[in-house]
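For reference, the structure discussed in these notes is given below.
The values are calculated or read from the model by the stated rules, or taken from the named source; none is laboratory data. These figures come from a predicted structure and were not determined experimentally. FYI the Cβ positions are ideal-geometry reconstructions off the backbone, even for glycines, and counts take in every protein chain you see. The area values use the complete protein model at the heavy-atom level, side chains included, leaving out ligands, DNA and RNA. Shrake-Rupley method; radii C 1.70, N 1.55, O 1.52, S 1.80 Å.
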Amino acid sequence: VDTDQGCAPLEVSFTNESSYIFPDNIESAVWHFGDGNTEETEPDEDTEYTYNVPGEYEAFLVITTIEGCVDTSFVHDILVGEQITPSFTISPEVICRDDSVTLTNTSLDIDLIDAYSYSADLNTLSSCTGEENPTFAFNDFAGTAEITQFVDYNGCISSSTQSVEVAGPVGKIFYECDCSTPFEYTFT
């Protein structure tokens, strides 16, 4: 298969890699898409199929030779999702620099969600995909930070964005030096 997960409608291309010592003796190829639908093609022909309904499907190919031998390929799991509505809260919504916020998942379709991830602008935070309610500190940033929650349902990614105010100054020092005068620095 060229893809095995994504949002419905999910179009999947199936490549027939069947072989036989006498290739011309393969009589039929029947594709089973895992949703009750099948398609018979020429023995060496590829096919495409569109999954319109979210779910988990087991697709496989059955070939038959003119001698009556039948063989079944291994199963390909096809995961089809749909956009869901993720949501989360930020607590507190206003913090000082170096303080932490807790992100709490409030998504309604929690039983459909396979993985969670959070990110913020300026690469301020990231999260393990299994962590539903993480805590993050904003150490080197002040201002409005946009936080986005990503949820995965069978390879279909949905997102929701909120903001947090990070108050306070951020002190930073920069320096410049020149290798020809290694003991002279300019601080800003």
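Brief remarks on what is shown
- Residue match in region 26-35 (condition: farther than 30 Å from E82 by Cβ, free of Cβ contacts under 8 Å to residues at least 60 places away in the same chain and among the acidic types (D, E)): yes
- Within region 19-71, considering residues that are β-branched (V, I, T) and touching a His at 6+ places or on another chain (Cβ under 8 Å), the one least open to solvent (accessible area, probe 1.4 Å): V62
- For region 149-172, a residue qualifies if it is part of a loop (DSSP other than H, G, I, E, B) and touching a strand residue (DSSP E or B) at 6+ places or on another chain (Cβ under 6 Å), and the qualifying residues are N154, G155, G168.
- Hits in region 129-188 (condition: touching a helix residue (DSSP H, G or I) at 6+ places or on another chain (Cβ under 8 Å) and not acidic (D, E)): F141, A145
- For the condition of a type in the set (A, V, I, L, M, F, W, C) and either closer than 30 Å to T3 by Cα or modelled with pLDDT under 90 (or both), V94 does not qualify.
- Hits in region 91-103 (condition: assigned to a strand (DSSP E or B) and exposed (fewer than 14 other Cβ atoms within 10 Å of the Cβ)): S91, V94, C96, S100, T102
- If you go through region 161-183 and keep only what is within 39 Å of the chain's Cα centre (by Cα) and exposed (fewer than 10 other Cβ atoms within 10 Å of the Cβ), you end up with P169, G171, K172, I173, F174.
- Boolean, N37 is closer than 30 Å to D111 by Cα and not small (G, A, S): yes
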